[in-house]
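Just below is one structure, and these are the notes that go with it.
The values are calculated or read from the model by the stated rules, or taken from the named source; none is laboratory data. None of these values were measured; they are calculated from a predicted model. Quick reminder, even Gly has a Cβ in these numbers, built from the backbone with ideal geometry, and neighbours come from all protein chains shown. Side chains are part of the model used for accessible areas, which takes the heavy atoms of the whole protein and leaves out ligands, DNA and RNA. Shrake-Rupley method; radii C 1.70, N 1.55, O 1.52, S 1.80 Å.
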Amino acid sequence: MPGSLVNLVNDRERGVRVACVALRDQTRPEIEGAVESITWIYPGEVAAGLAAFRAAGVRDVVMAGKVTKSDLFQNPDALRLDAKAEGLMSEIADRKDDTILGKLADFLETLGLHLLPQYALTPELLVAEGVLTATQPSEAQRADIAFGFPIAKTIGDLDIGQTVVVKDRAVLAVEAIEGTDAAIRRAGAIARGACVVKVAKPSQDPRFDVPTIGPGTVAVLAEANIAVLAIEAGATVVLERDTVVREADRHGIAIVAVAPGRTA
């Protein structure tokens, strides 16, 4: 789920203004220095977010970041759902990511707010096919990638998660509501040197929930003694790529971007 609704009516580097609605306790405070205006809300304060968009003259919106979805069950009061949010939640058939975010996207469209693909203004962040790191995967690890890729696609198609962790062609962990990092840590507690496979859903809506990795991902991989991270080429966003590659090589982790038709 998105950690912030960032209106990219303008990106400073592209000569446009940036207005941001950021989520308290979710969005990094450094974002204030990158935008022209910012409004801080709790995740469920939909009306306040919409008011901020109207005040800024927003027409195009991009979702960025994530919200810990487990809060819906563990700490729903922390979301501070207002009447508008409660109404939207009452209209959905289930609480799958695609259902919730799709409902939000449709609602924004009814208000004249066009939700763009997450990488619409930063297509350079999408990773191309190949090994990103100097560290190379072994043949056995490539076999694990080939084994795990269709499994990850299957759970993605069911909207369960986007990640599986594999070793010796056995699944150690499957991502669900707890998120990618927790799944990686669970697998790391079982075996060292596993392979993480993270893919886009077969019916991925590019407006939200696009697979993303960054320096924080590498830190979790290192903590869990993971050997390889395989991501989907052309469908995964890599943030701070230079740092990601440098830190992965420092820990001896191979990062491989795989095209769907070539999984080994």
(1) modelled with pLDDT of 95 or more; (2) open to solvent by 60 Å² or more (accessible area, probe 1.4 Å) all hold for Glu178 apart from (1)
Within region 157-175, tally of residues that are β-branched (Val, Ile, Thr), open to solvent by less than 20 Å² (accessible area, probe 1.4 Å) and without any contact (Cβ under 8 Å) to a residue 60 or more places away in the chain: 3
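Residue-by-condition table, conditions (1) of a type in the set (Lys, Arg); (2) open to solvent by less than 30 Å² (accessible area, probe 1.4 Å); (3) over 21 Å from the mean Cα position of the chain (by Cα); (4) at pLDDT 85 or above:
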{"residue": "Ala52", "(1), (2), (3), (4)": "no, yes, yes, yes"}
{"residue": "Glu86", "(1), (2), (3), (4)": "no, no, yes, yes"}
{"residue": "His114", "(1), (2), (3), (4)": "no, no, no, yes"}
{"residue": "Leu126", "(1), (2), (3), (4)": "no, no, no, yes"}
Got a sec? Which helices (runs of 4 or more DSSP H) wholly within region 78-186 have at least 3 residues that are within 16 Å of Ile226 (Cα to Cα) and in contact with a Lys or Arg (Cβ under 9 Å, 6 or more places away or on another chain)? 139-157
Output the qualifying pairs, or none if there are none: Cβ atoms under 9 angstrom, residues six or more apart or on different chains, first residue in region 196-225 and within 16 Å of Glu240 (Cα to Cα) and free of Cβ contacts under 8 Å to residues at least 60 places away in the same chain, second residue in a strand (DSSP E or B) and among the hydroxyl-bearing types (Ser, Thr, Tyr). Pro211/Thr163
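To keep it simple, each residue is scored yes or no on (1) at pLDDT below 85; (2) crowded, with 19+ Cβ neighbours inside 10 Å; (3) out of contact with any Pro (no Cβ under 7 Å at 6 or more places or on another chain).
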position	(1), (2), (3)
Cys20	no, yes, yes
Gly49	no, yes, yes
Ile92	no, no, yes
Asp98	yes, no, yes
Would you tally the residues in region 138-151 being under 9 Å from Val166 (Cβ atoms), open to solvent by less than 40 Å² (accessible area, probe 1.4 Å) and under 22 Å from the mean Cα position of the chain (by Cα)? 2
